[in-house]
Structure formats: C-alpha cells, structure tokens
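Okay, so here's the structure we're looking at.
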Amino acid sequence: MYPDEIIQKLKKYEKVVLLTGAGISAESGISTFRGARGQWEKVDPMKLATPESFAKDPKFVWEWYEARRRQLALAEPNAGHEILAWMEEFFPQVTLVTQNVDRLHQKAGSRHPIELHGSIWMVRCVGGCGEWEDRHELVNLPPKCPHCGALLRPGVVWFGEGLPPEPWAEAEKAARNCDAFLIIGTSALVYPAAALPEGPMRLGKLVIEINPEETPLSGQVTLSIHAGAGEALKSLREKLIKNEVD
Ligand code: BJW
Ligand code: ZN
C-alpha cells in the first residue's frame with residue numbers, strides 16, 4: 001500500500017498535518033454527506049445547511065440536526081480516529097484539522113483538533129447571548145435561548161458563512177509550515193477547507209490522500225490510497241512502527 005521510500009521519508013518528518021472529513025467517521029456508522037450512502041442523497045443540503053433555510057424553517061433544520069445528535073451520542077470512534085490520535089505520540093508535531101462537527105476525534109484522544117466547521121454539540125443564540133455546549137436531547141424544536149428567548153441555532157458553519165477566523169488561521173499556518181500533509185476521508189469539494197493542501201502540493205511536500213473514491217485532489221497528491229481509513233491507517237501505523245525497529 002505504501003512504497004518504502006515514502007515511509008522512510010515520513011518517519012523522519014516532524015511537522016505533520018492531518019485533514020479529515022466525514023469519511024473518517026463512516027466506519028463509526030455515521031453517514032457521509034456525498035457519494036454512496038451519503039446523507040445528502042436523501043435530503044437537499046441547500047435546504048438544510050444554509051442560514052437562509054434556517055431563517056425560513058428553523059424547526060425543519062433543527063429536526064435534521066437533532067436526529068444526527070442522537071445518532072452521534074451513541075457513536076464511538078473507530079480505528080481510524082484512534083490511529084490519528086496515536087500519531088500525536090509518534091510525530092513531534094501533529095496538527096489535526098477536521099471539517100467534522102461530531103467530536104469523535106476528541107473522544108479518540110486527539111488533543112487539540114482544529115474544528116473548521118464548528119461542532120454539532122454547540123448551540124448559539126441568534127440574539128447574541130453567545131455560544132455554549134449542550135448535549136441534552138432538545139425536545140421542543142426549535143430550541144429557544146434560556147437568557148433572552150431568541151432562537152438557538154446549531155454551532156456549525158453553513159454554506160455562505162465564514163469559517164471561524166482563529167481555527168482557520170491556525171490551520172493555514174500549519175499547512176504552510178508542514179513537512180507532510182495527510183488528507184483522510186474528504187471529498188475535497190467544499191472550500192476553503194479543500195484548498196488547504198494546495199500550498200503543500202505546490203511546494204512538492206509529501207501529500208498522501210486516503211479515500212476509497214477518486215477526488216479532485218487524487219491526481220495531484222504524492223500518493224493516493226484507495227481504501228477505507230481504518231484499513232489504510234492500520235497499514236500505515238504498522239509500516240511506521242516496523243521501520244522504526246528496523
Ligand atoms: C471514506 C470512507 C472511509 C467514505 N474511509 N473515506 C471557492 C470555490 C467554490 C466555492 C466556494 C469557494 N469558497 C467558498 C465557496 C462556497 C462554499 C463551497 O465550498 N461550496 C462548494 C460546495 C462549491 N463554501 C462555503 O460557503 C464556506 N464558507 C466560506 O467559504 O466562507 C467565505 C465566503 C462567505 C460567503 C461567500 C463566499 C465565501 C463554508 C462551508 C461550510 C460547510 N458546511 C458543511 C455543513 C457543516 C454542518 C453540518 O455538519 O451539518 O460542512 S457542508 C458539509 O461538507 C460539511 C462537511 O464538513 C463538508 C465537507 O464534506 P466532507 O467531509 O468532505 O464529506 P463528503 O461526504 O463530501 O465526503 C466524504 C468522503 O469520504 C467521500 O469522498 C468518500 O469517498 C469518503 N469515504 N467512506 C475514508 N471508510
Ligand atoms: Zn439569547
């Protein structure tokens with residue numbers, strides 16, 4: 001799966017960036033957005049993941065989010081999440097950047113995942129009272145702010161909204177300075193996250209993609225592994241450890 005010279009190089013690198021998408025959580029039973037079995041086969045994302053849709057029908061949008069929250073409350077991280085957390089022990093400096101809102105990386109032990117699209121466990125008052133974590137089952141949808149009575153919205157980033165500036169700046173900086181960049185389980189269709197590997201690719205850095213399907217990045221990366229994240233990352237860990245002993 002991995003040529004030896006790539007493993008030898010990777011082993012010596014200090015600064016590694018990991019960019020994840022919905023595919024890393026697929027093996028935890030969480031549907032991806034696009035592609036085979038993606039949840040957006042069944043629902044139109046533009047009806048749900050935009051501020052306009054929320055303004056028009058907050059109950060409908062919240063029903064989708066609350067169903068996902070209940071599914072996620074029962075979900076466990078899988079081998080892929082665990083191996084990415086292990087990489088923080090193996091490499092001197094790992095920056096994990098995720099587009100996922102599920103917090104499964106944190107549950108697997110990753111210390112400081114950068115969340116580009118927020119978190120499904122956060123709620124935000126549209127009246128300006130702030131944002132806080134709430135994992136309770138939300139029964140009366142749409143939920144209202146306990147402080148001012150305005151609507152609460154999910155603390156995620158919808159289409160047309162800017163990414164949170166600090167996480168984005170941190171992700172860009174890590175991408176600029178990395179020795180190697182791993183892209184795991186993202187269709188690489190949603191910007192600006194999909195643009196993060198562009199700099200490293202342009203500079204000829206080692207860029208590895210793990211995805212069972214082709215993506216727009218597959219032809220540009222150093223190595224494209226067409227396999228599920230669990231299998232591909234288990235194999236990578238074995239090679240890294242074996243080569244360490246050799
Ligand atoms: C496996 C697997 C296994 C399966 N193992 N892999 C530049 C160019 C063009 C457009 C734009 C642009 N800049 C901005 C835009 C507009 C827009 C955009 O990108 N649109 C595109 C669709 C064209 N971007 C935005 O609006 C962003 N904001 C922004 O840019 O602000 C500045 C701005 C403001 C105003 C105007 C203009 C600019 C915000 C994007 C927010 C995305 N939000 C969502 C919803 C989050 C909340 C929620 O969860 O509900 O984020 S959309 C959805 O897509 C979610 C995801 O994080 C994101 C990415 O999806 P991801 O993770 O890649 O999942 P999938 O399903 O697409 O792919 C899964 C992959 O896994 C597949 O490839 C499978 O093959 C693979 N897989 N099993 C490994 N076992
Ligand atoms: Zn409020």
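The combined condition, being part of a helix (DSSP H, G or I), free of Cβ contacts under 8 Å to residues at least 40 places away in the same chain, in contact with a helix residue (DSSP H, G or I) (Cβ under 8 Å, 6 or more places away or on another chain) and open to solvent by less than 70 Å² (accessible area, probe 1.4 Å), is not fulfilled by residue 230. Note on region 138-170: among residues that are in contact (Cβ under 8 Å) with a residue 24 or more places away in the chain and open to solvent by 60 Å² or more (accessible area, probe 1.4 Å), the one that is farthest from ligand 1 (Cβ to nearest atom) is 170. When residue 166 is tested against (1) assigned to a loop (DSSP other than H, G, I, E, B); (2) more than 16 Å from ligand 2 (Cβ to nearest atom), only condition (1) is not met.
Taking the criterion of being under 25 Å from residue 34 (Cα atoms), over 13 Å from the mean Cα position of the chain (by Cα) and not in a loop (DSSP other than H, G, I, E, B), the residues of region 176-198 that qualify are 181, 195, 198.
The values are calculated or read from the model by the stated rules, or taken from the named source; none is laboratory data. For clarity, every value in this text was computed on a predicted model and none was experimentally measured. In this analysis, Cβ positions are derived from the backbone assuming ideal geometry, glycine residues included, and neighbour counts consider all displayed protein chains. For the accessible areas, the whole protein counts, side chains as well, though only heavy atoms, and no ligand, DNA or RNA atoms are used. Shrake-Rupley method; radii C 1.70, N 1.55, O 1.52, S 1.80 Å.
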